[in-house]
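This report concerns only the one structure given below.
The values are calculated or read from the model by the stated rules, or taken from the named source; none is laboratory data. Keep in mind the model is a prediction, meaning the values are calculated, not measured. Neighbour counts are summed over all protein chains in view; Cβ atoms, including those assigned to glycine, are modelled from backbone coordinates with ideal geometry. Ligands, DNA and RNA are stripped out before the accessible areas are found, and what is left, the full protein with its side chains, is counted by its heavy atoms. Shrake-Rupley method; radii C 1.70, N 1.55, O 1.52, S 1.80 Å.
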Amino acid sequence: MENIASFDLGRMRLSGNQAIARGVLEAGVRVTTGYPGAPISDVQGSFEQLAGNIPKTNPFTIRVGEMLDQTGYQLAAHWGTTTNEDNAAALALGAVICKADFKKREFLTEEEWDLVYGDTVFAKDKEKRIPVGSRVMCSFKHLGANTAADALRVAVNVVPYTGGLGIASGDDRQGTSSQTMQDNKVLFGFHFRIPTLELHSPSTAHTTVKNCYRLFEELGVPFAVIMNYDLSYREVSVDPVVDLDMEVNHRRKGFTRDPKHLVTIGPHIRPRERKFHSKLMPLFKQKIIENFEFLGNRVTEYGTEPKAMLVVNGPFREDFRLVDDDPALKDRLLKKYGDVVVIESNLVFPQPGALYENLVSKHPIEKIYVFEEGYGRVIYLQLLDLVNRRNLEVKILDLGIPYEPRIYERFSYIDHILNV
Amino acid sequence: MSSKQNPAPKHKAADEITYLRPVSNCSGCGDTKVSWSVREGMRRFNRQLKLKGKDRYELIYAADRGCGNLQGYHAYGIVDAIFCMGSGAIVGDGIKESCSEKQIVVTASGDGAYNFNISGIKFAAKNKKFGAINVIYNNYNIRMTGGQIPLEVDFDKEGSAFGFEMIHINPYRVNDNAELFKELYGRYLNKEKIMVVADGVCVLDMGKDAKNSGIRMGHFIRSDECLDLKFAKERERVAREEPEKLKDLPKFKCRLCGIGLRCHALLDNDPGKCFGCGACIQFPCPVGALSFEGPSFSTSISMTELKKT
Ligand code: SF4
Ligand code: SF4
Ligand code: SF4
């Protein structure tokens, strides 16, 4: 039975970082770890305040803190004490692998459950329920993923026990307050190969984070959310009604033995690695398509005979919503691209190939324009691969930018889309 | 002549051989002996508290990369979680956040892993929420992969500085160590921080030292009272006299020592494979059939001391 504690916090300003923290709490997360560093410190910093490790210093933590006290919300926070991101991620791994409670299936069919859980110690569960435990969040800045790579890569070999783990990465792609620039979509997508989303707005990030926990926990796989520098710090005025999932937060604690999964040595991991890429990845793609809107994505058709498709991600997506409010921008859009299908997408990896194929077969689309930020061109490369593999009669054009070119003054992503 | 099994691929040169290296610990490996004591200690802890069934405390053993890792391969159920190099202690503290209050987490690292991620172990020492029992398999080196020169560690100074109480053990005195761990579990629940340094776990390496020092290590002896030896005779009789019944007989009767100590010498009943570690001396064989003859590392891991015996 659902046990949601709702609180109206009243009007306040929330940053992207705080929106993530909000989503994490709404998802009932019990253990949070991380390592500080701009631009994402405020995510774990909020949890530190809420767990009582340091004083509460802002309206968000003060008001949410009262809520947590009233409900008896359990929250553990380990931040600077973890000493580095690798330890933060390893601590998170330890906390997430403990499964001693169950929840009903929400997204998986019986056969799909067999695929994900059929070789675990839970395989004999008659109702094919989802083994669950503490939900866990681990956050760090972009460079932290290099340090944490050892622990994050192994997370894939431990599926489905790492379901319930969310990673938040604060990308300082333009090096505003970092000594190195980096596009973490490359690491999370192509190297760690875990479902990865780029958030775009402080108004919606909490819902996306919460829904990622719901879906990917059941699929038994960790997920990553990435924010660019601008979003981490950008504040918007909101009227948050916070819904804490107390049932999740109060799940039974306990470790269940399954050394074939949890002891990562060659003979154990080889079949898992194979299964992850050949069987589970197609399942993840399928589930992402089935839950495309649930994960905060949207397909909009402008006109009836679209020959172009736009994929807008991250900050491009955030600016694109202006088109809905401003008829002049919509005119410019149609003038530039003609009738057009626009995919407003959080998804970085994996790309839902079948969805694109379907749209391409339905419409006379000739060109797909990809707008993403980051030198890694992770979305573009996946679509290019799709087109080659499936022999689609469509051209993929890379129109993204490697990083926000201006510092201290917001770049107009919508102008880029309409003028490029 | 080509063999039916493992036919050589055509492109392979005739003299090219691939050696299949089975994953397992050496017979007398100290890592496995410590693990026996860790588990046996838990059994005794529950017995002392008169806890039965679901009320019993349970052990969770989070280990690290290296030879301690190999124990996770065997179907002996010793190691519960192993992830990345140096992560044993910090993964253990993550488990403590989400496991039940009836589960006690012991973490173990080799001395190489200790140096690799000293900060993870320091975290376990400083984390006020939980107790910690962190075992170090100290073989003075990262030897199994080629005799590297290690970064020297003064465990007593470093561990104490972190806030651990330091205890050194001889890994082969399995009964003494089981008694020690029994006591430590109570102290863990009191949130105490203990680092147990098992000195000289690499029997392979010490065996070489002993040989170079002219010491002939001893070996185990099994008396005729051994349940497996007796049962083997019974199986022979059945095979001879009632062969149709053979398939219904189990293969072994006991195997407690071999499985408990993860020792091939005991499993194969072959004193030739015995490394002379001496764990058999303190192993509680249910019928007292196990003994040992000659010098063993359970007396001392120092070659000078061993020479005197
Ligand atoms: S003393 Fe016992 S445990 Fe040690 S190597 Fe010999 S047979 Fe094995
Ligand atoms: S090489 Fe040494 S530490 Fe490794 S399994 Fe053998 S005895 Fe144990
Ligand atoms: S424990 Fe004793 S009885 Fe059992 S196999 Fe070993 S020596 Fe034989």
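Sort region B:210-308 into rounded, prolate or oblate with this rule: let a ≥ b ≥ c be the square roots of the eigenvalues of the Cα gyration tensor; rounded if a/c is under 1.5, and if a/c is not under 1.5, prolate when a/b is larger than b/c, oblate otherwise.
Numbers: a/c = 3.31, a/b = 2.76, b/c = 1.20.
Since a/c reaches 1.5 and a/b is larger than b/c, the shape of region B:210-308 is classed as prolate.
Let me know the mean shielding of A:93-103 by other chains, meaning the per-residue number of their Cβ atoms within 10 Å of its Cβ.
Mean partner shielding for this stretch: 6.
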Response to the item:
Plugging the Cβ-Cβ distance of A:Lys395 and B:Asp248 into 1/(1 + (r/R0)^6) at R0 = 60 Å yields, to the nearest 0.05, a FRET efficiency of 0.25
Worksheet, complete the sentence: Here the whole-number average of other chain Cβ atoms within 10 Å per Cβ of B:115-125 is 3
Worksheet item: How large, in percent, is the carbon and sulfur part of the accessible surface of chain A at a probe radius of 1.4 Å?
Response: 49 percent
Discussion item. Considering just Cα atoms, how many Å³ per residue does the convex hull of the protein assembly as shown enclose?
Written reply: 215 Å³
Fill in: Spin-label pair A:Lys124/A:Arg270, simplified geometry with 7 Å Cα→Cβ offset, distance in nm
2.8 nm
Item to complete: Relative to the compact-globule scaling 2.2 N^0.38 Å, provide the ratio for the alpha-carbon radius of gyration of chain A.
Response: 0.96
Worksheet entry | Unit Cα scatterers, Debye sum, chain B: log10 I(q)/I(0) for q = 0.07, 0.08, 0.09 Å⁻¹ | -0.32, -0.42, -0.52
Worksheet item: Around A:Ala224, which amide H atoms from residues at least 5 apart in sequence, or from another chain, sit under 5 Å from its own amide H, with H modelled in the peptide plane?
Response: A:Ile167, A:Thr196, A:Leu197
Discussion item. Using Cα springs under 10 Å in a Gaussian network model of chain B, which residue among B:Asp93, B:Asp199, B:Asp270 shows the largest mean-square fluctuation?
Written reply: B:Asp270
Response to the item:
Interchain or sequence-distant (5+) residues whose placed amide H lies within less than 5 Å of the amide H of B:Val135 are B:Thr107, B:Ala108, B:Ser109, B:Val196
Worksheet item: Shape call for region A:298-419 from the C-alpha gyration tensor, a ≥ b ≥ c root eigenvalues: rounded (a/c under 1.5), prolate (a/b greater than b/c) or oblate?
Response: oblate
Response to the item:
Toy charge model, Lys and Arg Cβ at +1, Asp and Glu Cβ at -1: region B:217-293 dipole around Cα centroid in debye, rounded to 20, equals 200 debye
Discussion item. Need one number: nm distance between label points at B:Leu49 and B:Arg255, each 7 Å from Cα along Cα→Cβ, rounded to one decimal.
Written reply: 3.1 nm
Worksheet item: Across all directions of projection, what mean area in square nanometres is found for the Cα convex hull of region A:188-316?
Response: 12.0 nm²
Discussion item. Give me, ordered by chain and number, the residues 5 or more places off B:Leu59 or on other chains with an amide H under 5 Å from its own placed amide H.
Written reply: B:Ile104
Worksheet item: Farthest toward the dipole's positive end in chain B, which of B:Cys254, B:Ser119, B:Tyr137, given Cβ charges of +1 (Lys, Arg) and -1 (Asp, Glu) about the Cα centre?
Response: B:Cys254
Discussion item. Which of A:Ser46, A:Ser345, A:Ser237 ends up with the largest GNM mean-square fluctuation for chain A, with Cα atoms connected below 10 Å?
Written reply: A:Ser237
Practice prompt. Convert each backbone phi in region A:59-65 into a coupling constant with the Karplus relation 6.51 cos²θ - 1.76 cosθ + 1.60 (shift: θ = phi - 60°), then list the ³J(HN,Hα) values in order as whole Hz, x for Gly and Pro.
Written response: x, 4, 6, 5, 6, 5, x
Worksheet item: What does the charge dipole of chain B about its Cα centre add up to, to the nearest 20 debye, if the Cβ of each Lys and Arg holds +1 and the Cβ of each Asp and Glu holds -1?
Response: 640 debye
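Taking the Cα centre of the protein assembly as shown as origin, work out the dipole magnitude from +1 charges on Lys and Arg Cβ and -1 charges on Asp and Glu Cβ, in debye rounded to 20.
Dipole of the protein assembly as shown, to the nearest 20 debye: 2300 debye.
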Worksheet item: Sorted by average packing, counted as other Cβ atoms within 10 angstrom per residue and highest first, what order do B:185-193, A:170-178 take?
Response: A:170-178, B:185-193
Fill in: Range of Cα positions in region B:21-68 per principal axis (Å), largest first
43, 19, 15
Response to the item:
Averaged over residues of A:247-258, the number of beta carbons from other chains lying within 10 Å of each residue's Cβ is 3
Fill in: Mean Cβ neighbour count within 10 Å, used as a protection proxy, ranking A:126-133, B:96-103 highest first
B:96-103, A:126-133
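Within the accessible area of region B:30-201, what % is carbon and sulfur when the probe is 1.4 Å and the other protein chains stay in place?
For region B:30-201, the apolar C and S fraction of the accessible surface comes to 51 percent.
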Worksheet item: What's the local net charge at A:Asp183, with K and R +1, D and E -1, over the other residues with C-beta under 15 Å away?
Response: -4
Worksheet item: So what is the accessible area of the protein assembly as shown per residue, in Å², with the probe set to 1.4 Å?
Response: 43 Å²
Worksheet, complete the sentence: Along the dipole axis of region B:30-201 (charges at Cβ: +1 for Lys and Arg, -1 for Asp and Glu; origin at the Cα centre), the most positive-end residue among B:Gln103, B:Gly163, B:Ser87 is B:Gln103
Item to complete: Step through the residues of region A:135-147 one at a time and calculate ³J(HN,Hα) from phi using the Karplus curve (6.51 cos²θ - 1.76 cosθ + 1.60, θ = phi - 60°), rounding each to whole Hz and writing x for Gly and Pro.
Response: 7, 9, 10, 10, 10, 6, 6, 3, 5, x, 5, 5, 5
Worksheet entry | Dimensionless Rg over Rh [region B:30-201; C-alpha; Kirkwood] | 0.94
Worksheet entry | Residue-by-residue Karplus 3J(HN,Hα) for region B:243-251, coefficients 6.51, -1.76, 1.60, Hz, glycine and proline x | x, 5, 8, 4, 5, 7, 7, x, 7
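Peptides B:165-171, A:135-141: what's the order by average Cβ count within 10 Å, highest mean first?
In descending order of packing, they fall as A:135-141, B:165-171.
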